[in-house]
1. Looking at (1) part of a helix (DSSP H, G or I); (2) under 17 Å from residue 139 (Cα atoms); (3) at pLDDT 80 or above; (4) not charged (D, E, K, R), which one does residue 57 not meet, given that it meets all the others?
2. Does segment 112-132 contain any residue that is at pLDDT 95 or above and among the hydroxyl-bearing types (Ser, Thr, Tyr)?
3. May I ask you to list the residues in segment 117-173 that are over 19 Å from residue 184 (Cβ atoms), within 21 Å of the chain's Cα centre (by Cα) and in a loop (DSSP other than H, G, I, E, B)?
Amino acid sequence: MRNGVLLIAAILALVSSAACGGAKKDEVKDPSSATSAQAPRAAFTPDQEQALDKAEAETGAQGLSIDEQILKLCPTVRPPEFDYDSSKVKTRFRSTIGELAECMKTGGLKDRDVLLVGHADPRGEDDYNMSLGGQRASAVRGAIMSFGIEQRRIDVSSRGALDATGTDEAGWAKDRRVDIKLKM
């Protein structure tokens, strides 16, 4: 009796898998249509994981803004996007950093350098916010470097809260970011 139940369960699992095209629950067949909640998690080395974790913590895992020139040179790089009524983009953040590093190795940014500009919301002292913006940009630089990009190709700057426009938590979340720009 027990073997019969196990056999039926195995058959149902196989049929269910075949009916879904063999895709696992969290697997996405077309990454370009994936939302941040669906995006598959890429395999990163332990050093990359550590650098990405630090960058996510510093930027709130959401604050990456990528210059239009970079997006034109690197068509696979897409800025992190938010689901409706959500601030979670953790997987998309990680993918964006990896895609950017790959573009800097072999794509349209192969012989180009980037500038990372850190920002903060206006709720701290000027010196603190300027330092915080620099820490955020440095954390993203560390994440990019963990993919084998030389430090000399990534400049870091801070604007602190100079460009902040938020007046509530949603606005302040947008102020806490790192802009990735093509260095001229």
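1. In the conditions (1) part of a helix (DSSP H, G or I); (2) under 17 Å from residue 139 (Cα atoms); (3) at pLDDT 80 or above; (4) not charged (D, E, K, R), residue 57 misses (3) alone.
2. For segment 112-132, residues at pLDDT 95 or above and among the hydroxyl-bearing types (Ser, Thr, Tyr): absent.
3. Once the filter is applied, which keeps residues that are over 19 Å from residue 184 (Cβ atoms), within 21 Å of the chain's Cα centre (by Cα) and in a loop (DSSP other than H, G, I, E, B), segment 117-173 yields 120, 121, 146, 147, 148.
The values are calculated or read from the model by the stated rules, or taken from the named source; none is laboratory data. Since this is a predicted model, take the numbers as computed values, not measurements. Heads up, the Cβs are rebuilt from the backbone with ideal geometry, glycines too, and the neighbour counts pull from every protein chain shown.
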